[in-house]
Amino acid sequence: MEKILVLDFGGQYNQLIARRVRENRVYSEVRPYTTTLEEIRSAGYKGIILTGGPKSVYGENAVRYEKALFELGIPVLGICYGAQLMAYTLGGTVEAGANEYGGVSLSLDTGSLLFRGIPAKTQCWMSHTDYISQIPIGFKISAKTESCPVAAMENDVRKLYAVQFHPEVMHTPQGMQMLHNFLFEICGCAGEWTMSSFTRRTVAQLKEKIGNRKVLCALSGGVDSSVAALLLHKAVGDNLTCIFVDHGLLRKDEASDVESLFRGQYDMNLIAVDAASQFLEKLAGVGDPEQKRKIIGEEFIRVFEAEAKKIGKVDFLVQGTIYPDVIESGAGDAALIKSHHNVGGLPEHVDFEEIIEPLRDLFKDEVRQVGLELGMPEEMVYRQPFPGPGLGVRVIGEITAEKLEILKEADAIFREEVAAAGLDREIGQYFAVLTDMRSVGVMGDARTYDYTIALRAVQTSDFMTADWAKLPYDLLERVSNRIVNGVRGVNRVVYDITSKPPATIEWE
Ligand code: XMP
């Protein structure tokens, strides 16, 4: 299979570059700059993209790569830091002093293959302080901006290209065309990476690998585990058993929806465990969020383990790991969030031979495409993320059956109204929170002393930063009216208007 290497020097857009390549139907892999030349050579890449990075290429602790990378005969595109690295390594000069940040106008050489089909004047997104002041011998300048003399350079004979700006971000309107040119005109890719071919290939491979052996999957109802389970089911049918633990902290109707879809519609071997009262008992009197997370995680493993024991030894355990988990497993904020939030440690408690991770090469949007390929309903495929501990971290403080019931009803109303307004796909995440606060109100002639529901809705592309969503007032008004009139125990609704940072998306 043709593939592109995204060689990671620690910039912020590395995954985005890899995704943009895949949007062109070319498979891409992100690998660290520590990947050896031999590994790169033997992997048979059609092209290499050098990413941005946080340092100065001439500095003491700069991360660099040996010159031989540019002598493999594989086309290379250097982006931002990657461009400076190419210039520096091949004998050019990089200096400090060209502060450019944001959208700037770009003049380019329309004769360059990289810029084929692009007008001579366009916009690009810059984010740099260092710049290439002198290009290496054999190169020519192919684009400039007002303050950047080498916005792009190339040696077309050696197929080495470099751009100081970021073609992968939306603010470079012709950036997608430039990447397309690199992949198809320069690297000679054919564009064979599609989710239908992935699905077909993966199902065939799984069938071959598993044969008549037994597979176990923990189904949460989230997109990743659902798509993984469906792929496996397509490959091995009844040899797959899914265990779905209902911890009672799911949204309204969620458990029954999961059951009716997987058992009803797909006719899967599904073991659904109603463990709601068991979880509530363990959580009684606990108000600390981290403590609640810990209890929920541990209890989940205990329930799963008990069910798995009844089945006995299985050959394979399925995990819904996806590509960002793989890339991020080293370090970084996102990795921390994952390990912190997710129910880890399941494999240690199940008797199995081997782990299968059918989605470990896919980005989230690709996982969704596979879901659609497999006929999964759209509302399931485009589901917003839902934390593992579920409503456990959305009932602030101690969790009781009564509080859970209030939250489920209020949250269902909010979700229903957002969907009715046609905004459900536009907003990254939206939900209700039951604050631990009660306040005074009036209902008819009587005074009330009831809970406050907070509504949270955010726009985000990566969940690391988020803006509060500017929901229309009439929508907020409808939601508020329906909640205070329809949900007993609530007399006040507030809307959270803080962004992340400094606030987080969840309240606990
Ligand atoms: P925060 O609240 O940290 O949330 O801004 C970022 C994303 O992570 C989700 N989240 C969790 N996911 N277990 C999870 O599986 C958790 O304990 C957890 N806490 C937050 C949150 O919903 C958002 O998508």
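Every read-out reported here was derived from the displayed coordinates using simple, explicitly stated rules and does not represent laboratory data. Since the model is a prediction, treat every value here as computed from it, not as a measurement. Ideal geometry is used to build each Cβ from the backbone, glycine not excepted, and the neighbour counts take in all protein chains shown.
The mean sequence separation of alpha-carbon pairs under 8 Å and at least six residues apart, normalised by the residue count of the stretch 383-508, gives a relative contact order of 27 percent. Could you pull out the GluC sites (Glu not before Pro) across the stretch 1-93 that fall in loop regions by DSSP (anything but H, G, I, E, B) with no more than 10 other Cβ atoms inside 10 Å? Passing both the DSSP loop test and the Cβ count: Glu60, Glu66. For Gln134, the residues whose modelled amide H falls within less than 5 Å of its own, excluding neighbours fewer than 5 places apart on the same chain, are Thr93. Under a 5 Å amide H cut-off, with hydrogens placed 1.01 Å from N, Val318 pairs with Leu216, Cys217, Ala218, Ile356 among residues at least 5 apart or on other chains.
The trypsin sites (Lys or Arg not before Pro) of the stretch 448-482 that meet both conditions, a loop assignment by DSSP and at most 13 other Cβ atoms within 10 Å of the site Cβ, are Lys470.
Ratio of Rg to Rh for the chain: 1.03 [Cα atoms; Kirkwood radius as inverse mean 1/r over pairs]. Of the trypsin sites (Lys or Arg not before Pro) in the stretch 107-182, the ones in a loop by DSSP (not H, G, I, E or B) with at most 16 other beta carbons within 10 Å are Arg116, Arg158. Working note: 222 nm ellipticity from helices only, DSSP H runs with n ≥ 4, each -39,500 (n - 2.57), summed and divided by the residues of the chain, gives -9500 deg cm²/dmol to the nearest 500. Taking other C-beta atoms within 10 angstrom as a stand-in for reagent exposure, Asp257, Asp351, Asp411, Asp224 fall in the order Asp351, Asp257, Asp224, Asp411, fewest first. Normalised by the number of residues in the stretch 1-144, the mean separation of alpha-carbon contacts (under 8 Å, six or more apart) gives a relative contact order of 20 percent.
Placing +1 on the Cβ of every Lys and Arg and -1 on the Cβ of every Asp and Glu, with nothing else charged, gives the stretch 1-88 a dipole about its Cα centre of roughly 280 debye. In the chain, a dipole from Cβ-located charges (positive for Lys and Arg, negative for Asp and Glu) runs towards its positive end, and of Gly222, Leu179, Gly287 it is Leu179 whose Cα lies farthest in that direction.
Within the straight-line cut-off of under 13 Å between alpha carbons, the aspartates and glutamates reachable from Lys214 are Asp238, Asp315, Asp351, Glu353, Glu354, sequence neighbours fewer than 8 places apart in one chain being disregarded.
Counting neighbouring beta carbons within 10 Å and listing from fewest to most, the residues Val215, Val150 come out as Val215, Val150.
Our coupling estimate for the stretch 352-365, obtained by passing each phi through the Karplus curve with A = 6.51, B = -1.76, C = 1.60 and θ = phi - 60°, is 8, 8, 8, 8, 10, 10, x, 10, 5, 9, 10, 7, 4, 5 Hz, Gly and Pro reported as x.
With only Lys, Arg, Asp and Glu charged, each at its Cβ (+1 for the first two, -1 for the last two), find how big the charge dipole of the chain is about the Cα centre; round to the nearest 20 debye.
760 debye
Under 18 Å of direct C-alpha separation, and excluding same-chain neighbours fewer than eight residues apart, Lys282 reaches these lysines: Lys292, Lys294, Lys403.
Select from Gly397, Ser480, Val418 the residue farthest towards the positive end of the dipole of the stretch 387-508; place +1 on Cβ of Lys and Arg, -1 on Cβ of Asp and Glu, and compute about the Cα centre. Checking the options against the dipole of the stretch 387-508, the answer is Ser480.
Under 5 Å between amide hydrogens, built in the peptide plane, is the criterion, and for Thr448 it picks out Gly441, Val442, Met443 among residues at least 5 positions away or on other chains.
In plain terms, the residue of Tyr430, Tyr473 with the fewest other Cβ atoms within 10 Å comes first and the most crowded comes last, giving Tyr473, Tyr430. Label separation (Val440 vs Asn99): 5.5 nm, computed from points 7 Å beyond Cα along the C-beta direction. Taking 18 Å as the straight-line reach from the Cα of Lys3, the lysines in range (excluding those fewer than 8 positions away in the same chain) are Lys46, Lys159. Please work out the C-alpha center-to-center distance from the stretch 224-238 to the stretch 455-508 and express it in whole Å. When both Cα centres are located, 35 Å separates them. A Förster distance of 45 Å, applied to the separation of the beta-carbon atoms of Leu72 and Met170, puts the FRET efficiency at 0.90.
Derived scalar couplings between HN and Hα for the stretch 255-260 equal 4, 5, 5, 4, 4, 6 Hz in order, rounded to whole Hz, by the Karplus curve 6.51 cos²θ - 1.76 cosθ + 1.60 (θ = phi - 60°), x for Gly and Pro.
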